[in-house]
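Shown next, in structure tokens, is the structure this report addresses.
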Amino acid sequence: MKEKDKPIGIFDSGVGGLTVVKEVIRHLPNESIIYLGDTARVPYGIKSPETVIKYSRQNTNFLKERGIKLLVAACNTSSAVSLSILREETDISVIGVIEPGARAAVRNTKTGNIGVIGTEATIKSGAYEKAINQWSVVSGQWSGKKIEVASKACPMFVPLAEEGWFENEVAEMTAEVYLSDFRGKRIDVLVLGCTHYPLLKKTIQKSVGNRVILIDSAEETPKEIEILLRERGLLSDGKSRFVDFYVTDNPERFSKVGKAFLGENGLSRLSAVDLSNY
Ligand code: DGL
């Protein structure tokens with residue numbers, strides 16, 4: 001197979017990374033994709049960095065064995081704690097979701113006050129804060145005072161999204177409890193730093209108000225993938241395109257939730273895999 005026709009490998013701790021897959025399919029319809037959802041070990045967001053790194057390595061090894069041309073860590077938690085290690089250890093390009101989200105946040109802020117929400121592990125790592133501050137200097141896009149980043153872990157948003165409770169009373173009350181902290185901080189941009197949070201976008205927007213711009217890392221990442229593939233002459237012409245899905249637990253639940261993301265036929269090639277030997 002020609003290098004450019006090889007698939008893009010995308011992994012996440014479970015079903016949440018399908019927000020990224022959906023955007024990659026929309027933005028780059030010629031590309032083949034192999035998606036791995038580590039459904040047996042989700043959530044990553046409450047685990048130690050060591051454990052997340054170990055799982056991310058196994059996911060990477062599995063996808064590499066399938067001959068991918070580019071690796072995307074669609075999971076924010078994994079991107080936050082393991083991206084630099086995966087980049088060091090892997091001979092193909094690795095894209096995470098933190099940098100695209102951070103760049104979009106810097107591009108959009110006018111006040112220099114940015115909010116970030118994510119899992120406990122992502123917030124604790126400080127990865128968004130670091131990427132936002134680095135990019136504000138490197139890009140020269142922010143010439144005001146130092147950017148202020150206010151972060152908050154919102155762990156309950158993940159089970160709410162998994163349950164399909166995107167806009168009901170429980171979701172609204174949860175958003176209120178987590179996000180009221182941002183009110184005094186005068187943020188004008190809020191980064192949805194977790195695969196699941198875009199599903200609660202309407203509820204989050206209602207809680208923070210319409211003046212705050214929500215940044216969806218899932219929407220930003222395909223733009224970076226395209227730039228990288230174009231630069232390297234690796235964009236596919238789509239002649240032998242396929243989209244394969246692998247999960248580490250029983251595919252039934254993934255299939256149900258996945259159809260809500262990708263439509264009835266979106267998950268026709270779905271199998272279970274055991275990662276213990278990777
Ligand atoms: N995929 C994770 C993330 O984006 C959310 C779910 C989890 O905790 O594994 O951080």
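Scan Lys47, Lys110, Lys4, Lys22 and give me the residue that is within 12 Å of the ligand (Cβ to nearest atom) and either in contact (Cβ under 8 Å) with a residue 12 or more places away in the chain or open to solvent by less than 30 Å² (accessible area, probe 1.4 Å) (or both).
Lys47
Quick one: which of Ile98, Ile117 is more than 14 Å from Cys75 (Cβ to Cβ), within 16 Å of the ligand (Cβ to nearest atom) and touching a residue at least 60 places away in the same chain (Cβ under 8 Å)?
Ile117 is the lone residue from the list that is more than 14 Å from Cys75 (Cβ to Cβ), within 16 Å of the ligand (Cβ to nearest atom) and touching a residue at least 60 places away in the same chain (Cβ under 8 Å).
Six or more apart or on different chains, Cβ under 9 Å: which pairs go from a residue in region 52-76 that's on the phi > 0 side of the Ramachandran plot to one that's among the charged types (D, E, K, R) and in a loop (DSSP other than H, G, I, E, B)? Could you list them?
Going by the 9 Å Cβ cut-off, the qualifying pairs are Gly67/Lys6.
Having 2 or more residues that are under 16 Å from the mean Cα position of the chain (by Cα) and at pLDDT 95 or above is the bar; report the strands (runs of 3 or more DSSP E) wholly within region 184-278 that clear it.
Output list reads 189-193, 213-216.
For (1) open to solvent by less than 50 Å² (accessible area, probe 1.4 Å); (2) free of Cβ contacts under 8 Å to residues at least 40 places away in the same chain; (3) more than 26 Å from Arg103 (Cα to Cα), each residue gets a yes or a no:
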site: Ala161; (1), (2), (3): yes, no, no
site: Val177; (1), (2), (3): no, yes, yes
site: Val191; (1), (2), (3): yes, no, no
site: Gln205; (1), (2), (3): yes, yes, no
site: Ser217; (1), (2), (3): yes, no, no
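Identify all residues within region 52-75 that are open to solvent by 10 Å² or more (accessible area, probe 1.4 Å) and either assigned to a helix (DSSP H, G or I) or hydroxyl-bearing (Ser, Thr, Tyr) (or both); write none if there are none.
Correct list: Ile53, Lys54, Tyr55, Arg57, Gln58, Asn61, Lys64, Glu65.
Name the residue that is farthest from the ligand (Cβ to nearest atom), counting only residues in region 27-40 that are within 17 Å of the chain's Cα centre (by Cα) and open to solvent by less than 70 Å² (accessible area, probe 1.4 Å).
If we take residues in region 27-40 being within 17 Å of the chain's Cα centre (by Cα) and open to solvent by less than 70 Å² (accessible area, probe 1.4 Å), then Leu28 is farthest from the ligand (Cβ to nearest atom).
Looking for whichever is closer than 21 Å to Gly14 by Cβ and open to solvent by 10 Å² or more (accessible area, probe 1.4 Å) here; the options are Lys130, Lys124, Lys146. Which one fits?
Lys124 is the lone residue from the list that is closer than 21 Å to Gly14 by Cβ and open to solvent by 10 Å² or more (accessible area, probe 1.4 Å).
The values are calculated or read from the model by the stated rules, or taken from the named source; none is laboratory data. Keep in mind it's a predicted model, so treat the numbers as computed, not measured. Glycine also receives a Cβ, built like all others from the backbone with ideal geometry; neighbour counts cover every protein chain displayed. Side chains included, ligands, DNA and RNA excluded: accessible areas come from the protein's heavy atoms. Shrake-Rupley method; radii C 1.70, N 1.55, O 1.52, S 1.80 Å.
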